[in-house]
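Note sheet for the following structure.
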Amino acid sequence: MASGSNYKVAFRRRREGKTDFAARAKLVDVDKARLVVRISNANCIVQVINVGLTGDETVVSAHSKELNKLGWKGGNKNTSAVYLTAYLCGKKALAAGVEYAIADIGLKSPIKGAKVFAAVKGAADAGLDVPYGESIIPSEDRINGEHIAAYAESLDEDELNKKFSQYLARGLQPTDLPQHFEEIKNKIDEAEV
């Protein structure tokens, strides 16, 4: 009879707070693709991933830096950029023959109106069948940046230059963000994905 501790060391990715293996086990289904949304400190990545015999297989991927190539002048991780990145990924997924995916938000908390749910809405608006509840999706004015434009209008010139210096350096007036959002969305529709 062996004696000793019954303590088991958790998997490294669990110890580092990178993977919730219980949630992942529920999402992993051989017949369904996952719409994976990851938001870093500066960018966001949206991918459609299938589970393969040797590990995850990325079918399509979109990075918020791709929006810059289309002329996007806003931030790369705000709600509008996350939506547009997922919209682009959804268009790519449809072109690759993927029609259905389940949202995988990773370790992000499922908070009403969160950016990850803007990504779900973006992929769904692109035509990808992603199940979601309407109550958790951010409002339309948050998605297209109207709230940013309204806030920018309430600032005086000095505060505007201070708080939106990066937008202004890229040549975008924050009050023009909703129109700019629509322009980029139309460019995604016109682009050969």
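The values are calculated or read from the model by the stated rules, or taken from the named source; none is laboratory data. Keep in mind the model is a prediction, meaning the values are calculated, not measured. Here the Cβ positions follow ideal geometry from the backbone for every residue, glycine too, while neighbour counts run over all protein chains shown.
Residue pairs whose Cβ atoms lie under 8 Å apart, separated by 6 or more positions or on different chains, with the first residue in the stretch 121-144 and in a loop (DSSP other than H, G, I, E, B) and exposed (fewer than 12 other Cβ atoms within 10 Å of the Cβ) and the second at pLDDT below 95 and of a type in the set (Val, Ile, Thr), are Pro131/Ile102.
Return the residues of the stretch 11-52 that are among the charged types (D, E, K, R) and either assigned to a helix (DSSP H, G or I) or in contact with a strand residue (DSSP E or B) (Cβ under 6 Å, 6 or more places away or on another chain) (or both); say none if nothing qualifies. Result: Arg12, Arg13, Arg14, Arg15, Arg24, Lys26, Lys32, Arg34, Arg38. The criterion of being at pLDDT 95 or above and under 27 Å from Ala23 (Cβ atoms) holds for Ala119.
Within the stretch 81-98, is even one residue within 22 Å of Phe117 (Cβ to Cβ) and either in contact with a Phe, Trp or Tyr (Cβ under 6 Å, 6 or more places away or on another chain) or exposed (fewer than 15 other Cβ atoms within 10 Å of the Cβ) (or both)? So far as the stretch 81-98 goes, no, none of its residues is within 22 Å of Phe117 (Cβ to Cβ) and either in contact with a Phe, Trp or Tyr (Cβ under 6 Å, 6 or more places away or on another chain) or exposed (fewer than 15 other Cβ atoms within 10 Å of the Cβ) (or both). Every condition in (1) out of contact with any Cys (no Cβ under 9 Å at 6 or more places or on another chain); (2) of a type outside the set (A, V, I, L, M, F, W, C); (3) over 22 Å from Arg13 (Cα atoms); (4) in a strand (DSSP E or B) is met by Glu57 except one, and the failing one is (3).
Scanning the stretch 53-81 for residues that are in contact with a strand residue (DSSP E or B) (Cβ under 8 Å, 6 or more places away or on another chain) and not charged (D, E, K, R) gives Thr58, Val59, Val60, Ser61, Ala62, His63, Ser64, Asn76, Ala81. State yes or no: is Gly75 within 21 Å of Gly113 (Cα to Cα), in a loop (DSSP other than H, G, I, E, B) and either at pLDDT 95 or above or small (Gly, Ala, Ser) (or both)? Answer is yes for this residue. Contact map, the stretch 55-74: residues that are in contact (Cβ under 8 Å) with a residue 24 or more places away in the chain paired with residues that are assigned to a strand (DSSP E or B) and surrounded by 14 or more Cβ atoms within 10 Å (Cβ to Cβ), Cβ distance under 6 Å, separation 6+ or inter-chain. Pairs shown: Val59/Val48; Val59/Asn50; Val60/Val48; Ser61/Gln47; Ala62/Val46. For Ile105, the conditions (1) surrounded by fewer than 18 Cβ atoms within 10 Å (Cβ to Cβ); (2) within 15 Å of Ala124 (Cβ to Cβ) are fulfilled apart from (1).
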